[in-house]
Amino acid sequence: MKKIIVLGMLLAALQGCSLREPMSAEQDTETPTLTPRASTYYDLLNMPRPKGRLMAVVYGFRDQTGQYKPTPASSFSTSVTQGAASMLMDAMQASGWFVVLEREGLQNLLTERKIIRASQKKPNTPVNIQAELPPLQAANMMLEGGIIAYDTNVRSGGEGARYLGIDISREYRVDQVTVNLRAVDVRSGQVLANVMTSKTIYSVARSAGVFKFIEFKKLLEAEVGYTTNEPAQLCVLSAIEAAVGHLLAQGIERKMWQVVGDNSVPPQNETLDRYLSQNRVTPEGEDE
């Protein structure tokens, strides 16, 4: 009986060490919710407001890592999301600095416009498509880049203890994803700003167990554990949001785009100052 009490206390301690309790099978039926947002999203909201929004397009933001999940998970499943372009456009719109024009699905858009023009030549044209189609808007800026690195096991380790057949352990692994984002002037092809951001991905496994003879030929053996994996797509989203924030900060500092107010005076904004200070970090071994 004492052994069972000790095991119960051990499992309670294991749960207490975690940041949040492990998800049980009964919680798998949760209703859909909005995607959780990291602090980088709110940084975009807190950036200075633009004097005029920038007309920008994104043709693609590809996974350039070539990384696949290790077997036996899948030989055909990529390690990072293939929807980074959608994440980038979401971050651009959230910032309030860009008018984002559709280019990733441009062929679908052109096809639909052809269908409308063909329908206008026929009698009984529906009211919603009777007006002549205006030309598509052109952009002044193009955002390019992609997910350029996914490094696994950047750091790993753990700790554990065993005493009289009772053990508890914790293991962790840190991966890292890196994205590159650059703003290109459509007229000249000049790269106006270029940034690279990285985000770590944490995986933690905790376990506890007991292996004891409670009576002759009677063995008590029990084990419990769980693993917490930080969603890789949310880390990619956070890295992209940070890249957009740094891109805006670079442009404001270099006066490539203007903020609301007197642009002869540097804007006072805590979020902007923090991003600019990160760009001015002095390398180790050098004086400022």
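If R0 is 51 Å, the Cβ-Cβ spacing of R162 and L109 corresponds to a FRET efficiency of close to 0.20.
Shape verdict for the stretch 58-174, please, from the Cα gyration tensor: rounded (a/c under 1.5), prolate (a/b greater than b/c) or oblate. Here the stretch 58-174 falls in the prolate category. Take every Cα pair under 8 Å whose residues are at least 6 apart in sequence, average their separation, divide by the length of the stretch 138-288, and the relative contact order is 19 percent.
Taking a ≥ b ≥ c as the square roots of the eigenvalues of the Cα gyration tensor, the stretch 171-234 is classed as prolate, since a/c reaches at least 1.5 and a/b is larger than b/c.
Derived scalar couplings between HN and Hα for the stretch 221-232 equal 9, 8, 8, 9, x, 7, 10, 10, 10, 5, x, 5 Hz in order, rounded to whole Hz, by the Karplus curve 6.51 cos²θ - 1.76 cosθ + 1.60 (θ = phi - 60°), x for Gly and Pro.
Couplings 3J(HN,Hα) for the stretch 93-110, derived from phi with the Karplus relation 6.51 cos²θ - 1.76 cosθ + 1.60 (θ = phi - 60°), are 5, 5, 5, x, 9, 10, 9, 8, 9, 6, 9, 5, x, 4, 4, 5, 5, 5 Hz, where x marks Gly and Pro. Charged neighbours of Q258, selected by a Cβ distance under 15 Å, balance to +3 (K, R count +1; D, E count -1). Rounded to the nearest 0.05, the FRET efficiency derived from the C-beta distance between A205 and Q278 at R0 = 25 Å is 0.20.
In this structure, I148 and K212 have a Cβ-Cβ separation that, at R0 = 41 Å, corresponds to a calculated FRET efficiency of about 0.20. First check a/c for the stretch 112-242, with a ≥ b ≥ c the square roots of the eigenvalues of its C-alpha gyration tensor; if it is under 1.5, answer rounded, and if not, answer prolate when a/b is larger than b/c or oblate otherwise. Taking the square roots of the gyration eigenvalues as a ≥ b ≥ c, the stretch 112-242 is oblate.
Taking each residue as 0.36 nm, the span from Q120 to L34 lengthens on full extension beyond its C-alpha to C-alpha distance by 27.0 nm. If the segment from Y172 to V127 were pulled out straight at 0.36 nm per residue, it would be longer than the present Cα-Cα gap by 10.1 nm.
Rule-based calculations on the coordinates, nothing more; no lab input. Predicted model, so just to flag it, every value in this text is computed and none were measured. Backbone-built Cβ (ideal geometry, glycine too); neighbour counts: all protein chains shown.
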